[in-house]
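The values are calculated or read from the model by the stated rules, or taken from the named source; none is laboratory data. The model shown is predicted, which means the values in this text are computed figures rather than measured ones. Heads up, the Cβs are rebuilt from the backbone with ideal geometry, glycines too, and the neighbour counts pull from every protein chain shown. To get the accessible areas, we keep the full protein, side chains included, count just its heavy atoms, and leave off ligands, DNA and RNA. Shrake-Rupley method; radii C 1.70, N 1.55, O 1.52, S 1.80 Å.
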Amino acid sequence: MADTLSIDDYAKLDDAECNERIEKARATLGERLVILGHHYQRDEVFKHADFSGDSLMLSRNAAESKAEFIVFCGVHFMAEVADILSRPDQVSILPDLGAGCSMADMADLAHVEKAWQELSSVLDPDESVTPVTYINSSADLKAFCGSHGGIVCTSSNAGKILDWSFAKREKILFFPDQHLGRNTGYNMGIPLDEMVVWDYDQPMGGLTADEIKKAKMILWKGFCSVHQMFKPEHIDQFKAKYPDAKIVSHPESPFEVCQKSDAVGSTEMIIKTVRDSEPGTRWLVGTELNLVNRLHQQFKHEGKNVHFMSPMVCMCSTMYRIDPQHLAWVLENLVAGNVVNQITVAPEETEMAKLALNRMLDASA
Ligand code: 13P
Ligand code: SF4
């Protein structure tokens, strides 16, 4: 083992130099390494991924990988999922530890346990509420769901997971993303007035006992700051200019945006929708900018035009933290025999979080 290489030395390197070093390190590590890349990664990083996908696909890739090192070009909860679903001797690495998810940070175990306790003054939550956590959440919340008969969902399987959950119990506590919960619940036929928002800063979530009893879904007051930027008026303005345009949005977008969209789905589903459309189609896309730009580049030769929904530039700033410098740094350390930025979930959380994740993988098979 050589001395650990310092990130400070890599921060000074330009992208071209990092690119060469990444390729060389990948060749040296061979099958010992797999790089997973989420669709929101910047192009300079995304091109190095062995597998790309939405959260569900990447979870499956992590669970099936035989590689010793899983380098996750994504955000913290994704690298945690890779650690939970992989074998104990495999190592999950996040190139920049600052790459979190601001939505995931909107729910923490203390507040969810408090909500569970407060709900128990109105009903028996372990009898009548299935806790469902979006995969964009910390491992301890997945473990909470595992130990309370609950489950994890992603943007691509949320409908199936809500079916699974309602088959168990009459109500759902859904965290942290209220929009994914509301958009999915509404599509299943749950009226808006049977979905209430739990404000974690207020006693009893700011709800009355009657509101809780009447609700089918209790939605955590969380949101994604990127998708929250998309507004129905962006769609109206675009349609006024291009009446034949089609709209596709991620379900983390507000309800009114999803209602005005021709299709709503995960990042993988958005790609498929554009890919499968007729040549010449014009698309307005409500999801992160790096993916939208890549779609435009990829399909412009088919005469497809892909536009970003917001007039403001909004990227996922935490996804963006994974840059070629950090990727080169973690890979060259691996070549030198050093593991840096390993993501390890505590064993006591792993067991129950894995249970909740496996329930999801089984229910969405
Ligand atoms: P997908 O699972 O659709 O890729 O979404 C992940 C995410 O964080 C979207 O903001
Ligand atoms: Fe989290 Fe939003 Fe970034 Fe997705 S786009 S990782 S939900 S902050």
When only residues in region 112-126 that are closer than 19 Å to D140 by Cβ and touching a strand residue (DSSP E or B) at 6+ places or on another chain (Cβ under 8 Å) count, which is surrounded by the most Cβ atoms within 10 Å (Cβ to Cβ)? V112
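Okay, residues lined up against (1) more than 16 Å from ligand 2 (Cβ to nearest atom); (2) of a type outside the set (G, A, S); (3) open to solvent by 60 Å² or more (accessible area, probe 1.4 Å):
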position	(1), (2), (3)
V152	no, yes, no
L162	yes, yes, no
D199	yes, yes, no
K213	yes, yes, yes
M217	yes, yes, no
G222	no, no, no
H234	yes, yes, no
E252	no, yes, no
F255	yes, yes, no
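Table: residues versus (1) within 14 Å of ligand 2 (Cβ to nearest atom); (2) farther than 22 Å from D236 by Cα.
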residue: E278; (1), (2): no, yes
residue: L284; (1), (2): no, no
residue: T287; (1), (2): yes, no
residue: V292; (1), (2): yes, no
residue: F299; (1), (2): no, yes
residue: E302; (1), (2): no, yes
residue: V306; (1), (2): no, no
residue: T318; (1), (2): yes, yes
Give all pairs with beta carbons closer than 8 Å in which a residue from region 299-327 that is without any contact (Cβ under 8 Å) to a residue 60 or more places away in the chain and open to solvent by 30 Å² or more (accessible area, probe 1.4 Å) meets a residue that is among the aromatic types (F, W, Y) and more than 15 Å from ligand 1 (Cβ to nearest atom); count only pairs at least 6 apart in sequence or on separate chains. N305/W283
Restricted to region 215-271, and to residues that are part of a loop (DSSP other than H, G, I, E, B) and of a type in the set (G, A, S), which residue is farthest from W116 (Cα to Cα)? A245
When T208 is run through (1) among the β-branched types (V, I, T); (2) in contact with a Lys or Arg (Cβ under 8 Å, 6 or more places away or on another chain); (3) surrounded by fewer than 23 Cβ atoms within 10 Å (Cβ to Cβ), the failure sits at (2)
